[in-house]
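The values are calculated or read from the model by the stated rules, or taken from the named source; none is laboratory data. All figures in this text were calculated on a predicted structure; none of them were measured in a lab. Cβ placement follows ideal geometry from the backbone for every residue including glycine, while neighbour counts extend to all protein chains displayed. The accessibility values were calculated without ligands, DNA or RNA, using every heavy atom of the protein model including side chains. Shrake-Rupley method; radii C 1.70, N 1.55, O 1.52, S 1.80 Å.
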Amino acid sequence: GITYQARKEIHKAVRKILETEAKIFRRPFNEQFSTFDGEDHECALWLLLKRSQSEDKEVRLQAVQDLANNSHWHDYQYGTVAQTCDQRTAIGLARSKDIDLRFFLPPPPLPKIKNDYPIEDELRLLLVSLPQTDLDPCVQYFTSLALRESSQTLAAQRGGLWCFGGNGLPYCETLSKIPSETVELFCLQALVQHSKVSSHCDKIEAKGGLQLLQRIYQLRKDSAKIQRNIIRIIGNMALDERLHSSIVRAGWVSVLAEVMKSPHVIQSSHASRALANLDRDTVQEKYPDGVYVLHPQYRSSQPIRADVLFVHGLLGAAFKTWRQQDIDRRLDKKASEGEEDYSQCWPKTWLASDCPALRIISVEYDTHLSDWKAKCPVEAHRKSIAYRSNELLDKLRAAGIGDRPLVWVSHSMGGLLVKKMLVDASKNPEMDKIVNNTRGIIFYSVPHHGSQLAEYSINARYLLFPSVEVKELSKDSPALKELNDDFLSFAKDKKFSVLSFAETLPTHIGSMIKLHVVPLESAELGIGDLVPVDVNHLNICKPKKKDAFLYQRTLKFIQDVLAQEL
């Protein structure tokens, strides 16, 4: 008995020394070390840590799941996992639902800064250090805009003024403090464009960009927009597996795990995309800029049987287009009482709970009513439906669209884009899978034969500078007729199931104009069912509640066309 006790105490002491060594050098605990005479819960922890680094993938994934699901670890044990787990395990834990954030080390402390306005200066230096030749015109435009605005700010700082709006209408104000947040936003938007280029991501990493972005992220906790742009950059850089260890070392896994818990669907979905791109153990696909997985956002044992893809329309977005219809508190007291159940994105909440075996994806691209307000006014052709179709098809193939049965859901101009993508895919042998696996398409007020919107001007600017998107929506446009004929000829052959919804109420555009953006006859595709609904153009894709006709009819269509898979 004395010998056993002595051995146990010696083992405990040695284990403490090795644990401390592992913490100091941040390396995995020595697998050869015996834990048989430790406490049961300690043995379990070390066993799971050992298994999480196994060469056998199934053993590895089960160990991470067991670590994440055990809620009885002591505080110091969470610290032990944070110190000793490898990169793959940390990413797996971050992608586990309801994970305890004590599993992650906080971002490493950043070196102290000496000058007064370092962030803008450092961002400018980073931008200047990136390649400036042979660039995509939009990347060039954003970079020059950011450098111009930050230069104006620095010049104004010396004169006690700041000027903003180098775009055309500058105005100056005397301020005691420079609006550095504005400059940072310009620079970050330029970095987002650079991060779409793989070779530029290497440069951003080599110049300490990951640490700089971490500093800005921690300093700008009050700006969701700045933080969102930063996570978007990390998500783009995570497409390159060579940069994964640098991203992990810079402390981004703990940040992303925390943002995954955000109640705001936009923030959590940006973090989810970045972590999915980092997780090469359970995710085969890669999610390029503008492609967001709404479900599943965490690791899950639920097998994915089919994909549903949401494509927004003119002035839409990947999340806001698909929200529940806005509540008018004055008219609907009952609804406002249940406002906590309001869905910021019904495909993510309602559809995911009704059809958990689906992978639900939403895409985002910029659209404008007027070139006056375009984010990137150069190269107007890239805003055409034809250009966007090719760009989006490449992104969707990278995300694995076409590997499973597929349903498309589109609103307004997004439906024209879906038709164009399917027509283009049908002519490209490499994209065959997308066409052959398409089971059905839902069109919410899609202007198959054009829209009156193109004939109206909201004000003089839109009249003088209508965007490419608006021009393409002209009623009876030859391009629209050709697209519709091309689509119908092969859609009938493929026997796609089609469901179209049409608005019956006019939409207020500005304070003066009220019109049917897509009249009933334009929403009629020529195949499938056409269902008129008493809503306007903006609300045609925003059901009032989960049991509303609009959602239930959509759900039934998806369940019917995917009945075999679901």
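Can you give me the Cα centroid spacing of the stretch 472-506 and the stretch 184-206 in angstrom? The distance from the Cα centre of the stretch 472-506 to that of the stretch 184-206 comes to 38 Å.
Assuming 0.36 nm per residue, please report the length gained on full extension of the stretch THR20 to ASP121 beyond their Cα-Cα distance. Can you show the working numbers first?
Details: separation 101, 0.36 × 101 = 36.36 nm, distance 3.97 nm.
Roughly 32.4 nm would be gained on extension.
Per-atom-type breakdown for the stretch 501-541 gives carbon and sulfur 58% of the accessible area (1.4 Å probe, protein chains only). The residues of the stretch 256-296 have, on average, 27 Å² of accessible surface per residue, using a 1.4 Å probe with all protein chains present.
Stretch GLN87-GLU482 to full length: gain in nm at 0.36 nm per residue minus the Cα-Cα span? Walk me through the intermediate numbers first.
On the way: separation 395, 0.36 × 395 = 142.20 nm, distance 5.17 nm.
Full-extension gain reported as 137.0 nm.
Label-to-label distance for LYS207 and GLN284 is 3.8 nm, based on points extended 7 Å past Cα in the beta-carbon direction. If a paramagnetic tag sat 7 Å from the Cα of PHE549 along the Cα-Cβ line, which residues of the stretch 296-330 would have the backbone N under 18 Å from that point? Counting only backbone N, you get 325.
Greater than 26 Å separation of Cα atoms is the criterion. Which listed pairs, LYS395/LYS427; LYS57/LYS207; LYS286/LYS556; LYS419/LYS546, meet it? Write out the running numbers ahead of the final one.
Values: LYS395/LYS427 17 Å; LYS57/LYS207 35 Å; LYS286/LYS556 30 Å; LYS419/LYS546 28 Å.
As for pairs spanning more than 26 Å Cα to Cα, those are LYS57/LYS207; LYS286/LYS556; LYS419/LYS546.
Modelled spin-label separation between LEU566 and LEU105, with each label point placed 7 Å from Cα along the Cα-to-Cβ direction: 4.5 nm. Rounded, prolate or oblate: pick one for the stretch 203-283, where a ≥ b ≥ c are the square roots of the eigenvalues of its C-alpha gyration tensor, a/c under 1.5 means rounded, and failing that, prolate if a/b is larger than b/c, else oblate. Cα axes put the stretch 203-283 in the oblate bin. Potential lengthening of the chain between GLN62 and TYR298 amounts to 83.5 nm, from the contour at 0.36 nm per residue minus the alpha-carbon distance.
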